[in-house]
Amino acid sequence: MDPKVFIDGEAGTTGLQIRQRLAGRRDLQLLSIDPERRKDPSARAEMLNVADAVILCLPDEAAQEAVKLVTNSRTVVIDASTAYRVDPQWVYGFPELGDGHRVMIQRSKRISNPGCYPTGFIGLIAPLVREGLIPAATPISVNAVSGFTGGGRGLIDEFSASPRETTHDAYRSYGLTLAHKHVPEMTKYSGLVRAPVFAPSVGRYAQGMIVEVPLHLWALPGNPSPTKLREALADFYQGEKFVSVASVDEIATLQRQRAGAGGYVEALDPEALNNTNQMKLFVFGNEATQQARLVALLDNLGKGASGAAVQNLNIVLGLQESAGL
């Protein structure tokens, strides 16, 4: 029989996107709870234990409560909150993290879906730390901008109000306490021994994300060139379906573009990969200054959330990894 899948929190932004990706699939059965009983613990417990796999799209505390409602040893739980991302009893749901990681996901009953910002950051940094091109103790900073859907219902309501009834800023920097909840997973799975300085921001657009790590190459052992960094990333992700590395020609084209009569055109579009499960990595460098900018482009609701959850679901259920994506 086809595996049964239940989305706990299907009415939220991530839950809705996951449901859209699963709707119409013939290789699984999508369960749904009566809307009037979504907050009924007994009804939720029934669904959680009937399902072969559950995807939790809930706040941290609610996700922890949901896990406690699973009383059997059979149901697979994929949690999209931050509650278990650095828990050693849970497998981190980033299939491309390295050799054997897909097998760990496939064999696990508890999978923690990565955060959107960490997906970009870890995707850029982990391979370079493993190769020794970036020492684990290197001071790292990361700048990032996301569409407002990454901030939950409150931010969505605020930024989508028209005509700007509640706020007037087009861009907002936040996380000013330097204690953002994504930092622990960014540190752990990148291989760094010191937390990066994380500078997140939100723009007045719905979805899409750019994550950027600037590097002083002259300060790294061996003074690695931008070319060497790009080649290391390309080798690491060779053959991957959902993570790619921009070619030399693509990077050169972006670097050659200049401001013209029509305006400033030297830019990456944070919305370019919207509604996909793709993530694209770029290495922009300047040999003369020995500096580089590592950039990850992804959809915060795709590879950064719902797309990744569906990818992990496919892996753990032994289905085609790209199904629904």
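Bear in mind that the values in this text are calculations on the coordinates, not laboratory data. Being a predicted model, the structure only gives us computed values, none of them experimental. As a convention, Cβ positions derive from the backbone with ideal geometry for all residues, glycine included, and neighbour counts pool all protein chains shown.
Considering only Arg74, Arg107, Arg37, the mean-square fluctuation computed in a Gaussian network model of the chain, springs between alpha carbons under 10 angstrom, is largest for Arg37.
Translational diffusion coefficient, Stokes-Einstein: compute it for the stretch 164-227 using the Kirkwood radius over C-alpha pairs as Rh, at 10 °C and 1.306 mPa s, and state it as an integer in µm² s⁻¹.
Values: Rh = 14.8 Å.
It comes out at roughly 107 µm²/s.
In sequence order, the stretch 288-297 has phi-based couplings of 5, 8, 6, 10, 8, 10, 8, 10, 10, 10 Hz under the Karplus curve 6.51 cos²θ - 1.76 cosθ + 1.60, θ = phi - 60°, and Gly or Pro positions carry x. A straight line joining the Cα centroids of the stretch 188-241 and the stretch 25-87 runs 33 Å.
Springs join every pair of Cα atoms under 10 Å in this Gaussian network model of the chain, and among Arg172, Arg230, Arg110 the largest mean-square fluctuation is at Arg172. Averaging 1/r across all pairs of distinct Cα atoms in the stretch 197-325 and inverting the result yields a Kirkwood radius of 16.4 Å. Candidates Thr138, Ser244, Gln29 compared by Cα position along the dipole of the chain: farthest toward the positive end lies Thr138, with charges placed on Cβ.
What fraction of the Cα pairs in the chain, stated in percent, has a spacing above 24 angstrom? Walk me through the numbers before you get to the answer.
Details: 29043 of 52650 pairs.
Of the Cα pairs, 55 percent sit more than 24 Å apart.
Using a cutoff of 8 angstrom between alpha carbon atoms and counting only pairs six or more residues apart, the relative contact order for the chain works out to 19 percent. 3J(HN,Hα) couplings calculated from phi for the stretch 86-93 with the Karplus curve 6.51 cos²θ - 1.76 cosθ + 1.60 (θ = phi - 60°) are, in sequence order, 10, 6, x, 7, 10, 8, 6, x Hz; Gly and Pro show x. Axis angle, to the nearest 10 degrees, between helix 41-50 and the longest C-alpha principal axis of the chain: 80 degrees. Binning the C-alpha pair distances of the stretch 116-302 at 10 Å intervals from 0 yields a P(r) profile of 9, 35, 36, 17, 4, 0 %, listed from the shortest bin outward. In loop segments of the stretch 171-247 as defined by DSSP, the GluC sites (Glu not before Pro) with at most 13 further C-beta atoms inside 10 Å of their C-beta are Glu240.
What the Cβ-Cβ distance of Arg74 and Asp2 gives, at R0 = 25 Å and to the nearest 0.05, is a FRET efficiency of 0.95. Compute the acute angle (0 to 90°) between the alpha-carbon long axis of helix 226-236 and the principal axis of greatest extent of the alpha-carbon atoms of the chain; round to the nearest 10°. Taking Cα atoms only, the helix is inclined about 30 degrees. Tell me the angle of helix 60-69 to the major Cα principal axis of the chain, expressed in degrees between 0 and 90 and rounded to the nearest ten. Tilt of helix 60-69: around 40 degrees. Across Gly154, Gly302, Gly15, mean-square fluctuation computed from a Gaussian network of the chain (C-alpha pairs under 10 Å connected) peaks at Gly154.
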